[in-house]
Amino acid sequence: MEHPTDIPGFYAPVHRALSEPILLAGAPRTIAIANGTLAAAIGLGLRLWLVGLAFWLVGHLLAVWAAKRDAQIAEVARRHLRYPAWFGV
């Protein structure tokens, strides 16, 4: 469907996968993998099954909540930590 402001020959369709963040069960993929790894280390390595399961559940729910607020929360947090907190003038 053409709009009156479209320029002929300058239309490029973009697939949804290129513009949406990669989520794993609703949480950003990197955060979900790190959370699952830490929960498995607690549950299997320390043999604290319930603590590991609770850690995973709480961490995943927080990650899903954060992803609903801002889908690129991991990239924003990484960029935030890279810059100093105060710039001297």
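The values are calculated or read from the model by the stated rules, or taken from the named source; none is laboratory data. What you see is a predicted model, and the numbers here were worked out from it, not measured in a lab. Note: ideal-geometry Cβ built from the backbone for every residue, glycine included; neighbour counts use all protein chains shown. The accessibility values were calculated without ligands, DNA or RNA, using every heavy atom of the protein model including side chains. Shrake-Rupley method; radii C 1.70, N 1.55, O 1.52, S 1.80 Å.
Below is a table of values for the structure above.
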read-out	value
The chain: DSSP helices with Cα axial extent of at least 27 Å and average Kyte-Doolittle hydropathy no lower than 0.0	49-69
Cut-off 14 Å between beta-carbons: net charge of the residues surrounding residue 64, Lys and Arg +1, Asp and Glu -1	+2
Normalised convex hull volume, the chain, alpha-carbon set, Å³ per residue	194 Å³
Mean Cβ neighbour count within 10 Å, used as a protection proxy, ranking 42-50, 13-21, 63-71 highest first	63-71, 42-50, 13-21
Over region 28-89, relative contact order from alpha-carbon pairs under 8 Å, at least 6 apart, %	35 percent
Sorted peptide list for 75-81, 29-35, criterion being average Cβ within 10 angstrom, highest first	29-35, 75-81
Probe 1.4 Å, protein heavy atoms only - accessible area per residue of the chain in square angstrom	89 Å²
